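As structure tokens, the structure follows; a few thoughts come after it.
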Amino acid sequence: MKKIILVFLTLFLANTSSAQSSKDAAVELWAKVQTAAPSVTLNWITSAIATSYDVAKKLKTTTSWTTLAVGLSGTTTSYIDNSVVAGGNYEYRVIKYAPTLTYNGYGYINVGIETPVVENRGKLILIAANNLTPTLAPEIKRLEDDLEGDGWEVLTSYVSTTMVVTALKTMINNTYNLDPLNTKALFFLGHTPVAYSGNFGPDSHPDHQGAWPTDSYFAEMNGTWTDASVNQTTVSARNINIPGDGKFDQSNSGIVELQVGRVDLSSMPAFTLTEIQLTKNYLDKDHDYRKKVFSPIRRAVIDDNFGYFSGEAFASSGYKNFGPLVTPTNVVAGDYLITMAAGASYLWSYGCGGGSFTSCGGVGVTSDFTTANLGGVFTMLFGSYFGDWDITNNFLRAPLCQGKTLTNLWSGRPHWALHHMGLGENIGYSTRVTQNNTGTYYYSYAQNFVGIALMGDPTLRNDVVTPVSNVVATRIGNNCNISWSASTQTNVLGYNIYMKNDTNKTYVKINPSLITGTTYTNLCLVYPGIYKYMVRALVLENVPSGTYYNMSEGIADTAMNTNNLAIYANAGIQTQIGSTVNFTAAATGGTVFSWNFGDATNSSLQNPPHAYTTSGNYTVTLVISNSCNSKTITIPVGITTGITPNIVDEFFVIFPNPSNGNIMIGTSYIDNFDITVFSSDGKQVFYQSALSNQKEVNLEGLAKGLYLVQLKDRDNRTVNKRLIIE
């Protein structure tokens, strides 16, 4: 395809007199690791202009850098760190100094040595536009299954495209607040409501200041967003921001809690397909990438039409990120459209040039994508105007409408930090890091800007493992047999099995050790209901960022269990006379009773008597079991030998029984007494003291089930009865 050169609205006038390049403003890193006598060897491409290098390190979970080396020779191309451990997760920063650079060159890499696998990625809020259903209901259900298979718990809501943004924010906040510790991501699918905020234009055009679209607004859970102070009216109509217009004042967000991405293929009339058809195509290729139906070549292309640009070197965003993701030797400079044309496979790409809403100088225009079939999966594009993406035929959204492209982002002001994807993180993680970056990583300009946004699925990852196939779950008696066809990937170490059911809504791993075959039996299905089993293949990835354990997405099947092996039980003291205690137990589903009286003696009777020989406090343990399940109850007992108190009069009646919880107590012993109620697992759930003539007790707040009611007088004489609340 011939590159189309147009007269573009440019970001600035390019500095064509400078000899430096964007590559000079980056340090292209990759790593080699050693497990025995653990070490990390950082490598970088030599630079003729470099005079020295500094190396620093931090743990991935921290923000402060520790200097490892200062003033390494400009000819240095590696550094060895022996202060590491297997399973560790580290980040390194290498700074390049050169007198001819107007700012330093930076490189970052996230390195691991057999870093542990991530099994559960947290909860994801999926907000889908209601105009996508019912046509795309099967594709959205498939997406939910795919996300679940990658370790996400999906919380889906459908919303009107005209919903007020503050109402949508409230809905998202309410969902987040149900489980803030585990809710990690936010995925907008379709033309869901768009928030606008700010009085700022990172492309520095006077007519493009004001409010930009922002997904940070929805992803920040604790920030303050106002609509009272900004009064910007001297810009284009779409960016005007005045008090009370529904556009917010903030140009910078606070700390963003959620990883956020958006797939909005509406208002793209340059394409002959409708929004529904474009969205279906996107969901199809998203699924195919996840399942490794196609596998992009680990390489990248950079189309730099700005150059060094007075030191901003926008395309250094590509060079410094691509090293840890594909290795520097697999990064080439080339024409964006021509290099990836006809489906030529690339994992990453970058293009920049002077822009408009529908074009990027030297890269192309929106209409170019209508006939393109580009093979690049993750891409970055940068230029004036089109970073403001909520507009017809927007150039930033256009790549998602064709070929294999699944994500796009506007990187240059600021520079994005994507290097964590080299060690298994999803691109939404990198989005959040970039949105929150105010100094941990070099950003150049426009840090923490509310307009930083990801176009595409935020859960996608750099490295994909081929999944298993033909998973079949078959219940046989009390057990379930799971079988599958092996992954076709050659470096698979084995398989893990995850299960959830009507009782446990979250997947848990059920195999104690890695399975190397293609069958597994889940013994003893306790509860009736639907059991869902998911099989995931495990590999040890050896990548430019080190080594880490990675899993395929899970393939699942279900089995129905009609048996009920649950145990519902209660136990306590029936009577206690001196040091002799009569214990009692009731159980539904339990057939074996194993008592430990706390004094090295035992019994297998259901209702055993026991005489203690020594005063003291004892903890009695009862284990009630059946062929597949067990329940443990503990009972405290206080013994004083040599004293034989009278027991409370045996006339002790609870009625009605069964009851709805509102009961009457009948007893011939009318002095003050206390009533204590225990649940079937031995926990105290009710207590009322000093009952006398008042014999009515309200237990309506208790759940349906079996309870033990204990009556105790002032002399600690007790008697017990069983109560059923229904």
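The values are calculated or read from the model by the stated rules, or taken from the named source; none is laboratory data. On a predicted model such as this, the values are computed, not experimentally measured, just so you know. All Cβ positions, even for glycine, are placed from backbone atoms using ideal geometry, and neighbour counts span all protein chains on display. Side chains included, ligands, DNA and RNA excluded: accessible areas come from the protein's heavy atoms. Shrake-Rupley method; radii C 1.70, N 1.55, O 1.52, S 1.80 Å.
Just one residue in the set V685, V677 is modelled with pLDDT of 85 or more and open to solvent by 50 Å² or more (accessible area, probe 1.4 Å); that residue is V685. The set of residues in segment 82-111 being open to solvent by 10 Å² or more (accessible area, probe 1.4 Å) and either aliphatic (A, V, I, L, M) or not in a loop (DSSP other than H, G, I, E, B) (or both) consists of V84, V85, A86, N89, Y90, R93, I95, Y97, A98, L101, Y106, Y108.
Scanning segment 77-114 for residues that are without any contact (Cβ under 8 Å) to a residue 60 or more places away in the chain and over 21 Å from A417 (Cα atoms) yields a count of 12. Out of K169, K184, one residue alone is surrounded by 22 or more Cβ atoms within 10 Å (Cβ to Cβ) and either of a type in the set (K, R) or over 28 Å from V433 (Cβ atoms) (or both). It is K184.
A quick yes/no check of all residues on (1) of a type outside the set (K, R); (2) under 30 Å from G494 (Cβ atoms):
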{"position": "K141", "(1), (2)": "no, yes"}
{"position": "E144", "(1), (2)": "yes, yes"}
{"position": "N174", "(1), (2)": "yes, no"}
{"position": "T192", "(1), (2)": "yes, no"}
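Quick check: is even one residue across segment 219-227 touching a helix residue (DSSP H, G or I) at 6+ places or on another chain (Cβ under 9 Å), within 30 Å of T327 (Cα to Cα) and not in a loop (DSSP other than H, G, I, E, B)? No, every residue in segment 219-227 fails to be touching a helix residue (DSSP H, G or I) at 6+ places or on another chain (Cβ under 9 Å), within 30 Å of T327 (Cα to Cα) and not in a loop (DSSP other than H, G, I, E, B). Of all the numbered requirements in (1) open to solvent by 40 Å² or more (accessible area, probe 1.4 Å); (2) farther than 30 Å from T67 by Cα, V117 misses one, and that requirement is (2). Scanning segment 572-579 turns up no residue that is closer than 30 Å to T518 by Cβ, touching a residue at least 60 places away in the same chain (Cβ under 8 Å) and out of contact with any strand residue (DSSP E or B) (no Cβ under 6 Å at 6 or more places or on another chain).
For segment 240-291: of the residues being small (G, A, S) and more than 17 Å from D457 (Cα to Cα), which is least open to solvent (accessible area, probe 1.4 Å)? Give the steps one after another, and end with the answer.
Restricting attention to segment 240-291, the residues satisfying the condition of being small (G, A, S) are 244, 246, 251, 253-254, 261, 266-267, 270.
Adding the requirement that they be more than 17 Å from D457 (Cα to Cα) leaves 244, 246, 251, 253-254, 267, 270.
Details: G244: 64, G246: 43, S251: 25, S253: 9, G254: 31, S267: 62, A270: 39 Å².
The selected residue is S253.
Scan segment 544-558 for residues that are over 20 Å from the mean Cα position of the chain (by Cα), open to solvent by less than 10 Å² (accessible area, probe 1.4 Å) and under 28 Å from L143 (Cβ atoms) and jot them down. Matches in segment 544-558: S545 only. Cβ separations smaller than 8 Å between residues 6+ apart or across chains give the following pairs from segment 388-406 residues that are farther than 14 Å from V365 by Cβ to residues that are open to solvent by 20 Å² or more (accessible area, probe 1.4 Å) and of a type in the set (A, V, I, L, M): D390/V194.
On the basis of being basic (K, R) and in contact with a Gly (Cβ under 9 Å, 6 or more places away or on another chain), does R432 make the cut? Explain how you work it out, then say what you get.
Working: basic (K, R): yes; in contact with a Gly (Cβ under 9 Å, 6 or more places away or on another chain): no.
In short, no.
Cβ-Cβ contacts under 7 Å between residues 6 or more apart (or on different chains), taken from a first residue in segment 436-453 that is without any contact (Cβ under 8 Å) to a residue 60 or more places away in the chain to a second residue that is surrounded by 19 or more Cβ atoms within 10 Å (Cβ to Cβ) and aromatic (F, W, Y), are listed as N437/Y443. Candidates in segment 580-630 are the residues that are of a type in the set (A, V, I, L, M, F, W, C) and within 15 Å of N720 (Cβ to Cβ); of these, the one that is surrounded by the fewest Cβ atoms within 10 Å (Cβ to Cβ) is A586. Each residue in segment 348-363 was checked for being surrounded by 23 or more Cβ atoms within 10 Å (Cβ to Cβ) and either aliphatic (A, V, I, L, M) or part of a strand (DSSP E or B) (or both), and 9 pass. Across segment 292-315, the number of residues qualifying as small (G, A, S), at pLDDT 95 or above and open to solvent by 50 Å² or more (accessible area, probe 1.4 Å) comes to 1.
Limited to segment 294-345, what total is found for residues that are within 24 Å of Y445 (Cβ to Cβ) and in a loop (DSSP other than H, G, I, E, B)?
Residues of segment 294-345 within 24 Å of Y445 (Cβ to Cβ): 300, 302-325, 331, 333, 336.
From what is left, the residues that are in a loop (DSSP other than H, G, I, E, B) are 305-308, 312-315.
Count: 8.
Tallying residues that are among the hydroxyl-bearing types (S, T, Y), surrounded by fewer than 21 Cβ atoms within 10 Å (Cβ to Cβ) and not in a strand (DSSP E or B) within segment 447-489 yields 2. For beta carbons closer than 7 Å, sequence separation of 6+ or different chains, a first residue in segment 325-345 that is over 26 Å from S367 (Cβ atoms) and a second that is open to solvent by 30 Å² or more (accessible area, probe 1.4 Å) and among the basic types (K, R), the qualifying pairs are V326/R298; V326/R299; N330/R298; N330/R299.
Among the residues of segment 182-200, is any modelled with pLDDT under 95 and over 16 Å from A129 (Cα atoms)?
Of all residues in segment 182-200, those modelled with pLDDT under 95 come to 200.
Narrowing further to those that are over 16 Å from A129 (Cα atoms): 200.
The answer is yes, given that some residue of segment 182-200 is modelled with pLDDT under 95 and over 16 Å from A129 (Cα atoms).
Surrounded by fewer than 22 Cβ atoms within 10 Å (Cβ to Cβ) and in a helix (DSSP H, G or I): is that true of T371 in this structure?
On the way: surrounded by fewer than 22 Cβ atoms within 10 Å (Cβ to Cβ): yes; in a helix (DSSP H, G or I): no.
So T371 fails the test.
Could you run through segment 495-543 and say how many residues are assigned to a strand (DSSP E or B), open to solvent by 40 Å² or more (accessible area, probe 1.4 Å) and not charged (D, E, K, R)? Selection size over segment 495-543: 7.
The set of residues in segment 376-408 being among the hydrophobic types (A, V, I, L, M, F, W, C) and open to solvent by less than 10 Å² (accessible area, probe 1.4 Å) consists of V377, F378, M380, L381, F382, F386, W389, F395, L396, A398, L400, L406. Step by step: first the residues of segment 45-65, then only those that are assigned to a loop (DSSP other than H, G, I, E, B) and of a type in the set (S, T, Y), then the one that is nearest to G307 (Cα to Cα). Which residue is that? The residue in question is S47.
The condition (being assigned to a strand (DSSP E or B) and among the charged types (D, E, K, R)) is satisfied by just one residue among E114, E119, E139: E114.
Scan L42, L72, L147, L68 and give me the residue that is on the phi < 0 side of the Ramachandran plot, open to solvent by less than 10 Å² (accessible area, probe 1.4 Å) and part of a strand (DSSP E or B).
Working: L72 fails: open to solvent by less than 10 Å² (accessible area, probe 1.4 Å); L147 fails: part of a strand (DSSP E or B); L68 fails: open to solvent by less than 10 Å² (accessible area, probe 1.4 Å).
Residue meeting the stated conditions: L42.
Quick one: how many residues across segment 200-226 are open to solvent by 40 Å² or more (accessible area, probe 1.4 Å) and either closer than 23 Å to F382 by Cα or over 30 Å from the mean Cα position of the chain (by Cα) (or both)?
Residues flagged as open to solvent by 40 Å² or more (accessible area, probe 1.4 Å) and either closer than 23 Å to F382 by Cα or over 30 Å from the mean Cα position of the chain (by Cα) (or both) within segment 200-226 amount to 5.
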